[in-house]
Each structure stands twice: as C-alpha cells, then as structure tokens.
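To start, the structure under review is shown below, and the notes come after it.
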C-alpha cells in the first residue's frame, strides 16, 4: 500500500497499469485512513481493478491525494451494514499491511481504511463494490499462494551431463579421400558406437 503513487487522468480517474482491468467504482464516498502517526479524512472515489484497490480524494488535503493497495496487501476486508441506526451509512473496512521496509508513506504498522457511502449515495453500487472487492482479493491471495509452486526455477534442476566422447574401445572406420589409399591421401576418421548385444553379460562394452 502506498500514498500518492497513482497517476491520474485530467478527469481524476486512475490511469490503468499495463493489462489492468477496471471492475467497479463508486463516486461518492467518505474515507478515514488511520495511520500510526495520523488520521486522514475526506471525500473521494474508490476504484476496484483486477490488480489494485484505489482511493482518489476529491480535494487533496494534508498532502494526501491517492491511495493504492494490491489485493495481496489487504489483510482483511469487512462490509458492515447499519444495524442499530438505520440511518447510518454502510461502510467497508479494510486493514492494509505496509510496503516492505516501511515505504509508501505508511510506516511499519498496518493501516485501517474505512469507506462510507455518503448520504443519498447509490447503495446498490456500494454493496456490489464490497462483494466484488472480497472476491477479487480472495482470487489474488489464492494465486499468490499457488505461484511459488508453479514457477520454473532453473536452480532446482541439476546440470546436464557432458556428451559422450569416442574412446579407443569403439570401432574405428577410416575413409580415405581420392581414388584410393596412398601415402599422400588425406584420411578422415569417423567414430561409430557399436550397439551392445541384448544378451551381453553385465559390464560388457562394445
């Protein structure tokens, strides 16, 4: 997960990565990002692709404009509908692990990110987004677990044995150039490996 690393179009929508496919988006949400050192709040849009969960703030505040997290960085995804207060907005709560080494502007501890639908927003679109997010994350996690077994690692394979070279015990056939053998003829030697008989005793070499 990283802050302010998403490239935006003039319409303030994420520019897709290579081969990235857009799945869902919700235009009107409120967000709260709880970091170990501070809390970021505002309104914006959320986008779901096959590779990332993306938040784009409507108005950059406190140096924050975008948030992006690959699905394998989402430690948990929880969709919560209002129970006691029916007028409370539905929300999605995700816990995100930081980038390796504490990069991405998030420090070393996981971050809690909450998305809430604004009053009068499209509830069906929000619930559809939550369901698609959960399924997309599950598929990404399963792929990441399977990939180490499927990857081809040359280091696991032993080196090929050296090719067999002719030995004096093999049959030697000489072919002389020119019309016939003579002291001035140039000889070329071809090595032919003889086949061992099927009933040869152990240790037999042709």
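The values are calculated or read from the model by the stated rules, or taken from the named source; none is laboratory data. Because the structure is a prediction, the values reported are computed rather than measured. Methodologically, a virtual Cβ is constructed for each residue, glycine included, from the backbone with ideal geometry; neighbour enumeration extends over all protein chains shown.
Tell me, please, whether a residue that is surrounded by fewer than 18 Cβ atoms within 10 Å (Cβ to Cβ), at positive phi and modelled with pLDDT under 90 can be found in segment 132-154.
No: segment 132-154 contains no residue that is surrounded by fewer than 18 Cβ atoms within 10 Å (Cβ to Cβ), at positive phi and modelled with pLDDT under 90.
How many residues are closer than 10 Å to residue 29 by Cβ and not in a strand (DSSP E or B) when one looks only at segment 111-124?
Residues flagged as closer than 10 Å to residue 29 by Cβ and not in a strand (DSSP E or B) within segment 111-124 amount to 2.
Given the structure, is residue 93 farther than 16 Å from residue 32 by Cβ and modelled with pLDDT of 80 or more?
Against the criterion (farther than 16 Å from residue 32 by Cβ and modelled with pLDDT of 80 or more), residue 93 does not qualify.
Report the residue count in segment 36-71 for those that are under 26 Å from the mean Cα position of the chain (by Cα) and more than 16 Å from residue 8 (Cα to Cα).
4
For segment 1-102, give me every one of the strands (runs of 3 or more DSSP E) that falls completely inside it and has 1 or more residues that are touching a strand residue (DSSP E or B) at 6+ places or on another chain (Cβ under 7 Å), surrounded by fewer than 19 Cβ atoms within 10 Å (Cβ to Cβ) and without any contact (Cβ under 8 Å) to a residue 40 or more places away in the chain. It would help to see each step written out before you state the result.
Details: elements: 22-34, 39-49, 52-61, 64-70, 74-80, 91-96.
The qualifying strands (runs of 3 or more DSSP E) are 22-34, 39-49, 52-61, 74-80, 91-96.
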